[in-house]
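The values are calculated or read from the model by the stated rules, or taken from the named source; none is laboratory data. Computed from a predicted structure; not experimentally measured. As a convention, Cβ positions derive from the backbone with ideal geometry for all residues, glycine included, and neighbour counts pool all protein chains shown.
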Amino acid sequence: MAYQVLARKYRPQRFADVAGQEHVTRTLLNALAQGRIAHGYIFSGHRGIGKTTIARILAQALNCRTAVGTTERPTQEPCGVCDSCTEIRAGNAVDVLEIDAATNRGIDEIRELREAARYSPARDKYKIWILDEAHQITDAAFNALLKTLEEPPEHVVFMMATTQPEDIPQTIRSRCQHFSFHAVKFDDILTQLRTIAAQEEIDAEDAALALLAEAGDGSMRDALSIMDQAIASAPLVDGKPHLEAQQIRELMGSVPNTVFERLLEAVSAGQTSTVIEETNTLLNAGNSPAALARQFVRYLRNALMAKVGGENTDILQISADERARAARSAMLFGEEDLTRFLQVMLRTFDDLNYRQEQRFHLELGLVKLVHLQRLLPVEELLSGVQSSGGGRASAEPGAPSSGQRSAAQVPVAGHVRATAPARPSPLEADRNRKIRGEAQTETGSATIPAPRALSPVEVVGRATAEAKPPIAVGLAEAEASATEGSLALAPDAAPDPERIREAVCAALTREGHETAAAALQQAEWSVQSNAIRVVVPMRKPMLALTVNAEAEKICSKAARGAGAAQRFVFEPSETGAAGASARPAAMAPGGSVQAAAMENPLVRKAQELFQAEIRSVLDLRESK
């Protein structure tokens with residue numbers, strides 16, 4: 001007999017022999033036991049995972065002549081020895097027709113099939129059509145088959161195998177039972193390869209079989225095809241083919257993942273020259289830039305999954321050695337870094353498909369990975385802008401750092417003002433706020449954490465000549481208790497709108513809502529019986545964006561700390577005069593909006609960082 005490839009020689013002949021599709025085989029066996037046979041089936045999924053194989057096994061089980069419960073056939077599995085099973089396995093059964101739908105896809109072929117379905121089977125119980133690549137059938141042909149699928153004869157069963165079920169019309173899918181096949185797991189493929197290697201008397205290393213299983217990429221047939229090719233190229237040792245990992249890598253044109261591990265180590269160390277030299281060695285050895293980029297993308301993906309789920313996660317369908325290697329590479333970077341690396345290499349891989357100088361583009365993509373290590377996160381850059389602007393007092397030259405000195409307190413108009421420490425990033429401030437949670441206690445007009453040595457206190461300060469935001473200072477317990485008396489409201493005193501304004505603006509600035517704090521600082525405040533009315537000099541849409549839900553929560557909490565239990569009512573100013581009467585607008589001496597924008601510290605810092613220029617200024621406030 002002529003040689004058979006491994007994918008055909010070891011094709012499963014029983015449901016139990018199919019690897020990785022237990023959810024399908026279990027359902028079909030139960031349906032056979034209960035006599036619930038559908039007239040139409042759709043088997044969809046990845047290539048080479050057993051769709052057509054299960055269709056043939058189901059056809060054998062339906063037409064098997066051996067009774068269930070006998071010695072030859074104790075279960076619903078086909079016996080495999082009767083004439084029907086033998087003919088179906090050989091592909092020459094009269095009543096089981098396997099049609100290549102990619103070739104016979106027209107309406108004429110489907111009409112012939114529909115006419116043949118009217119006649120009873122020649123010998124077996126069912127007349128079965130297996131349509132492979134069913135998504136290739138035209139819409140007109142599907143429409144011709146629609147009525148037959150809806151009301152078929154009792155002896156007809158249609159089985160359609162496809163890799164693209166979405167291309168089959170919904171009217172056809174709704175009339176069939178749809179089984180979605182899974183990609184075969186790495187461990188299942190590896191077990192099958194070991195079994196076949198033992199039966200074929202092949203001396204294979206575990207690393208070599210792992211490479212073959214990984215190259216299958218979830219397809220059992222692909223793995224067996226590559227194994228067939230590897231056996232043909234393997235040297236003979238004691239009369240047996242000997243499979244080694246290095247030989248299989250050369251056969252597939254791939255490089256060991258240790259190369260990519262070294263590349264990521266060089267990227268982590270910022271060694272651009274090492275990255276270029278390693279790439280030059282690989283390319284001079286004859287490796288394709290596209291193949292290297294594809295392998296590197298897979299390795300970066302494995303490293304990212306190891307970072308997210310750990311070394312032993314089920315997401316990684318690779319060998320134990322490769323899991324450990326991916327975990328080592330993941331320890332060098334953060335999750336955000338690996339995500340950016342993967343995006344850069346995916347774009348580089350796409351560029352290689354239509355660029356002439358592939359080597360240059362691969363080298364450029366790898367150098368970008370090194371440079372990404374030097375980029376600052378956007379939130380860190382923004383926090384630097386905010387910490388230097390917004391009217392905050394900056395450290396004078398020669399003054400000691402905030403971590404080395406206690407807060408210098410300067411009394412201004414009966415309040416306390418001090419130099420603020422450097423502002424953390426917005427994300428860090430949000431995390432700290434969530435960690436503090438309910439640990440803060442409300443005392444007077446300031447929100448003070450649980451008492452401890454040198455507890456930080458938020459003290460409200462406002463100069464008589466200029467409006468400045470509140471500054472956080474560190475006070476000892478004795479100083480905090482002494483200051484508390486001058487800040488706290490008497491229990492029976494009516495809420496002071498000015499005091500509530502300062503407490504709310506201080507809390508908003510502290511939590512990173514500087515824009516809302518500046519808007520409310522210029523608003524008109526009034527305390528009513530059941531609400532605190534705040535008329536803000538801006539339009540309603542802009543007010544909704546500035547004072548959002550989170551800012552409202554901060555305002556309510558700060559107001560309760562200032563002794564006011566009323567709810568807030570924020571209203572836009574209809575005339576624009578309310579804000580101007582309550583507090584002067586932050587305008588430059590010239591009085592123009594352009595000059596005010598130029599004098600804003602945030603704008604000046606942004607110009608300095610990004611070398612920007614102001615071309616136009618849009619005033620979103622109501623006109624006076």
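Structure data summary
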{"quantity": "Residues being surrounded by fewer than 19 Cβ atoms within 10 Å (Cβ to Cβ) and either farther than 14 Å from A291 by Cα or not assigned by TED's automatic domain parsing to the domain that holds R294 (or both) - total across the range 355-371", "calculated": "8"}
{"quantity": "Sole residue being part of a loop (DSSP other than H, G, I, E, B), surrounded by 16 or more Cβ atoms within 10 Å (Cβ to Cβ), among the basic types (K, R) and out of contact with any Pro (no Cβ under 7 Å at 6 or more places or on another chain), chosen from R221, R175", "calculated": "R175"}
{"quantity": "Unmet criterion (only one of (1) touching a strand residue (DSSP E or B) at 6+ places or on another chain (Cβ under 8 Å); (2) closer than 14 Å to P497 by Cβ; (3) modelled with pLDDT of 70 or more) for L543", "calculated": "(2)"}
{"quantity": "Qualifying positions in the range 225-265 - within 30 Å of the chain's Cα centre (by Cα) and touching a residue at least 40 places away in the same chain (Cβ under 8 Å)", "calculated": "S254, V255, N257, T258, F260, E261, L263, L264, E265"}
{"quantity": "Residue list for the range 290-337, filter: of a type in the set (S, T, Y) and either under 27 Å from N280 (Cα atoms) or without any contact (Cβ under 8 Å) to a residue 24 or more places away in the chain (or both)", "calculated": "Y299, T313, S329"}
{"quantity": "Evaluation of A551 against (1) on the phi > 0 side of the Ramachandran plot; (2) in a helix (DSSP H, G or I) (one fails), failing number", "calculated": "(1)"}
{"quantity": "The range 278-319 - residue that is outside any loop (DSSP other than H, G, I, E, B) and either among the β-branched types (V, I, T) or at pLDDT below 85 (or both) and, of those, nearest to G216 (Cα to Cα)", "calculated": "V297"}
{"quantity": "Condition met for R347 (among the charged types (D, E, K, R), surrounded by fewer than 21 Cβ atoms within 10 Å (Cβ to Cβ), modelled with pLDDT of 90 or more and within 19 Å of the chain's Cα centre (by Cα))", "calculated": "yes"}
{"quantity": "Every residue from the range 80-135 that is surrounded by fewer than 21 Cβ atoms within 10 Å (Cβ to Cβ), among the hydrophobic types (A, V, I, L, M, F, W, C) and under 19 Å from R14 (Cα atoms)", "calculated": "V81, C82, A90"}
{"quantity": "Cross-chain or 6+ apart pairs with Cβ under 7 Å, the range 338-354 first and over 18 Å from Q373 (Cα atoms) and in the same structural domain as A291 (by TED's automatic domain parsing), then charged (D, E, K, R) and in a helix (DSSP H, G or I)", "calculated": "F349/R294"}
{"quantity": "Residue that is in the same structural domain as I172 (by TED's automatic domain parsing), closer than 20 Å to V156 by Cβ and at pLDDT 90 or above, where the choices are A33, A61", "calculated": "A61"}
